[in-house]
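Remarks on the structure that follows.
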Amino acid sequence: MTSTSRLPIGIFDSGVGGLTVVRQIHRLMPHEDVLYLGDTARVPYGTKSPTTVIRFACEDTRFLERQKIKAVVVACNTASAWSLPTLEHHFSLPIYGVVVPGAEEAVRKTRQGRIGIIGTAATIRSQAYVKAIHALKPDAQVFVQSCPLLVPLVEEGWLHHAITVAALKEYLAPLLRKKIDVLILGCTHYPLLKPAIRRLIGPGIRLVDSAETCARYVQRQLVLQALAAPGNQRGRIQPFVTDEAEHFDKLARRFLRSPTERAWQVDLASF
Ligand code: DGL
């Protein structure tokens with residue numbers, strides 16, 4: 001343990017979805033303080049170009065770094081998929097993403113080596129999950145599907161709505177035809193759709209929840225790097241947002257499944 005271990009973990013996402021990662025981190029490591037940045041002024045990242053996503057991720061990380069934190073978690077799958085090497089190059093803090101832990105878990109879980117991935121258009125375009133899986137298991141057959149409609153449907157709260165079920169059916173059908181035995185939920189929002197997805201795919205396909213696997217990875221890394229928080233006090237979650245806080249506060253409850261402290265609005269240009 002070092003004095004750095006008492007500092008908060010900085011976590012960022014394009015918006016509110018990264019709270020699914022915060023939730024899992026808080027469940028596993030209740031003593032950790034968390035500073036969360038949701039870039040709500042510029043969400044979604046999943047429809048944007050790689051250059052833009054990388055620039056936003058650098059600005060998000062710079063903001064968190066200035067707050068005195070011990071490590072950065074890139075909760076956003078899109079930002080993880082595109083920006084991790086750049087962030088690791090430019091920042092000296094430990095930086096953890098969601099892609100590698102998700103790929104590792106998929107490789108552990110697959111029996112037939114047939115892995116499906118769903119994510120935003122930008123995540124799928126990056127091939128980051130495909131490359132991470134092939135680095136671990138070169139003979140894996142990987143099938144991808146971008147699902148651009150799911151993020152707005154989840155934010156609308158339509159987790160079981162007929163329109164959401166229809167969209168899921170359409171998106172999952174090509175993967176089911178490929179007889180996948182593992183499906184990676186490669187987006188912050190998809191854990192909320194787990195019950196609806198499970199109903200459609202049946203019990204035979206194993207799910208990889210990238211928020212859960214990321215939290216376990218972060219826990220392992222913090223312990224390895226002697227950065228795990230000491231003590232037994234319950235950690236605080238302090239959210240920051242780049243657009244008005246009211247909208248975030250309302251949605252946050254759904255993603256975190258508990259109320260957060262009130263979010264503070266910040267202007268990243270001044271950091
Ligand atoms: N947070 C994004 C992700 O996990 C989803 C929302 C967005 O497109 O920004 O890919």
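The values are calculated or read from the model by the stated rules, or taken from the named source; none is laboratory data. Remember, it's a predicted structure, so these values are computed and weren't measured experimentally. Heads up, the Cβs are rebuilt from the backbone with ideal geometry, glycines too, and the neighbour counts pull from every protein chain shown. Side chains are part of the model used for accessible areas, which takes the heavy atoms of the whole protein and leaves out ligands, DNA and RNA. Shrake-Rupley method; radii C 1.70, N 1.55, O 1.52, S 1.80 Å.
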Original post:
What are the residues in the stretch 238-250 that are surrounded by fewer than 20 Cβ atoms within 10 Å (Cβ to Cβ) and among the aliphatic types (A, V, I, L, M), if any?
Top reply: Ala245
**OP:** Could you tell me whether Leu93 is open to solvent by less than 10 Å² (accessible area, probe 1.4 Å), away from the ligand (no atom under 13 Å from the Cβ) and over 23 Å from Ala263 (Cα atoms)?
**Re:** no
**OP:** Among what's in the stretch 3-25 and is in contact with a Lys or Arg (Cβ under 9 Å, 6 or more places away or on another chain), more than 12 Å from the ligand (Cβ to nearest atom) and not small (Gly, Ala, Ser), pick the residue that is farthest from Glu155 (Cα to Cα).
**Re:** Thr4
**OP:** Being open to solvent by less than 10 Å² (accessible area, probe 1.4 Å) and of a type in the set (S, T, N, Q) is the filter here, so list the residues in the stretch 40-73 that pass it.
**Re:** Thr61
Original post:
Residues in the stretch 169-190 that are within 22 Å of the chain's Cα centre (by Cα), part of a helix (DSSP H, G or I) and away from the ligand (no atom under 16 Å from the Cβ): how many?
Top reply: 2
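Mind counting the residues in the stretch 206-237 that are part of a loop (DSSP other than H, G, I, E, B), open to solvent by 20 Å² or more (accessible area, probe 1.4 Å) and of a type in the set (A, V, I, L, M)?
3
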Original post:
Based on what the data block shows, is Tyr190 in contact with a Ser or Thr (Cβ under 9 Å, 6 or more places away or on another chain) and within 17 Å of Gly17 (Cβ to Cβ)?
Top reply: yes
**OP:** State whether one or more residues within the stretch 214-236 are at positive phi, touching a helix residue (DSSP H, G or I) at 6+ places or on another chain (Cβ under 9 Å) and at pLDDT 95 or above.
**Re:** yes
Original post:
What tally of residues in the stretch 251-271 results from selecting those that are buried (at least 16 other Cβ atoms within 10 Å of the Cβ) and at pLDDT below 85?
Top reply: 1
**OP:** Just give me the residues in the stretch 110-147 being away from the ligand (no atom under 16 Å from the Cβ) and open to solvent by 50 Å² or more (accessible area, probe 1.4 Å), in sequence order.
**Re:** Arg111, Gln112, Arg114, Lys131, His134, Ala135, Leu136, Lys137, Pro138, Asp139, Gln141
